[in-house]
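Visitor: Dumping the structure here so I can ask a few things about it.
The values are calculated or read from the model by the stated rules, or taken from the named source; none is laboratory data. Just so it is clear, the structure is predicted and the values come from calculations on it, not from any experiment. Please note: Cβ atoms are built from the backbone with ideal geometry, for glycine as well, and neighbour counts cover all protein chains shown.
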Amino acid sequence: MKENFQLKELVYNRNTKEDGTIKRTYETNGAAMYEAAVPQQRDTWAAGYYISHWAEDVLQLSNNERLKSSTVYHALKVH
């Protein structure tokens, strides 16, 4: 399995219109899947996050600079 996205990258889900950070990759029926930390509030990590599972074909790299520059995002990247 070759993943197009790496751990800790911020991605955008075109179906759900959400940004999230890749926490884990895995395979289901030969397709790449991603476990993502998704902020509870759209443009801030301040309220915490939930975990969602996303298929690779609905993802693209995120351009959400507000989330990328957040100190919480950088803390998420360390774990």
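Visitor: Name the residue that is farthest from K68 (Cα to Cα), counting only residues in the range 1-13 that are part of a loop (DSSP other than H, G, I, E, B) and touching a residue at least 40 places away in the same chain (Cβ under 8 Å). Quick ask: steps written out before the conclusion?
Guide: Step one: list which residues in the range 1-13 are part of a loop (DSSP other than H, G, I, E, B), which gives 1-9.
With the extra rule that they be touching a residue at least 40 places away in the same chain (Cβ under 8 Å), the set shrinks to 3-5, 8-9.
Details: E3: 21, N4: 19, F5: 16, K8: 11, E9: 9 Å.
The residue in question is E3.
Visitor: Report whether or not T16 is part of a loop (DSSP other than H, G, I, E, B) and either surrounded by 12 or more Cβ atoms within 10 Å (Cβ to Cβ) or at pLDDT 95 or above (or both). Spell out the reasoning first.
Guide: Numbers: part of a loop (DSSP other than H, G, I, E, B): yes; either surrounded by 12 or more Cβ atoms within 10 Å (Cβ to Cβ) or at pLDDT 95 or above (or both): yes.
Answer is yes for this residue.
Visitor: Within the range 1-46, how many residues are charged (D, E, K, R) and over 13 Å from Q60 (Cβ atoms)? Please lay out each step first, then the result.
Guide: Of all residues in the range 1-46, those charged (D, E, K, R) come to 2-3, 8-9, 14, 17-19, 23-24, 27, 35, 42-43.
Then keep just the ones that are over 13 Å from Q60 (Cβ atoms); that gives 2-3, 8, 23-24, 27, 35, 42-43.
Of the residues in that region, 9 qualify.
Visitor: Moving on. Pick out the one residue from A32, A36 that is surrounded by 11 or more Cβ atoms within 10 Å (Cβ to Cβ), assigned to a strand (DSSP E or B) and modelled with pLDDT of 95 or more.
Guide: Values: A32 fails: modelled with pLDDT of 95 or more.
Matching residue, one of A32, A36: A36.
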